[in-house]
1. Enumerate the pairs (first residue in region 11-22 and without any contact (Cβ under 8 Å) to a residue 12 or more places away in the chain; second residue anywhere and surrounded by 10 or more Cβ atoms within 10 Å (Cβ to Cβ) and part of a helix (DSSP H, G or I)) with beta-carbon separation below 8 Å, excluding pairs fewer than 6 apart on the same chain, so at least 6 apart or on different chains.
2. In the chain, how many residues are assigned to a loop (DSSP other than H, G, I, E, B), within 18 Å of the chain's Cα centre (by Cα) and not aromatic (F, W, Y)?
3. Within region 11-59, how many residues are under 30 Å from M1 (Cα atoms) and either surrounded by fewer than 10 Cβ atoms within 10 Å (Cβ to Cβ) or touching a Lys or Arg at 6+ places or on another chain (Cβ under 6 Å) (or both)?
Amino acid sequence: MRESYRGHPMFAETAKFCKRCDQAVFNPNFQSMPLTAFEPMVHRVFSTVKNTIYLDALR
């Protein structure tokens with residue numbers, strides 16, 4: 001099915017993306033980080049209000 005798109009201007013870039021990023025997510029032996037490792041980052045990102053139309057309601 002992939003070959004039916006060969007010749008499209010974005011074929012080479014899409015193939016490169018699939019090789020680098022997309023196919024790697026299907027590796028059953030890949031050791032990913034536990035979700036708890038991301039918890040401090042999530043707290044840091046959501047700890048302060050940057051810009052919102054609801055800012056007055058939060059005060």
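1. Once the first residue is without any contact (Cβ under 8 Å) to a residue 12 or more places away in the chain and sits in region 11-22, its partners that are surrounded by 10 or more Cβ atoms within 10 Å (Cβ to Cβ) and part of a helix (DSSP H, G or I) give F11/Y5; T14/Y5.
2. 5
3. Result for region 11-59: 8.
Each value in this text was obtained by applying a stated rule to the coordinates, not by laboratory testing. Predicted model, so just to flag it, every value in this text is computed and none were measured. A quick note on method: Cβ atoms are made from the backbone with ideal geometry, for glycine too, and the neighbour counts reach across all protein chains shown.
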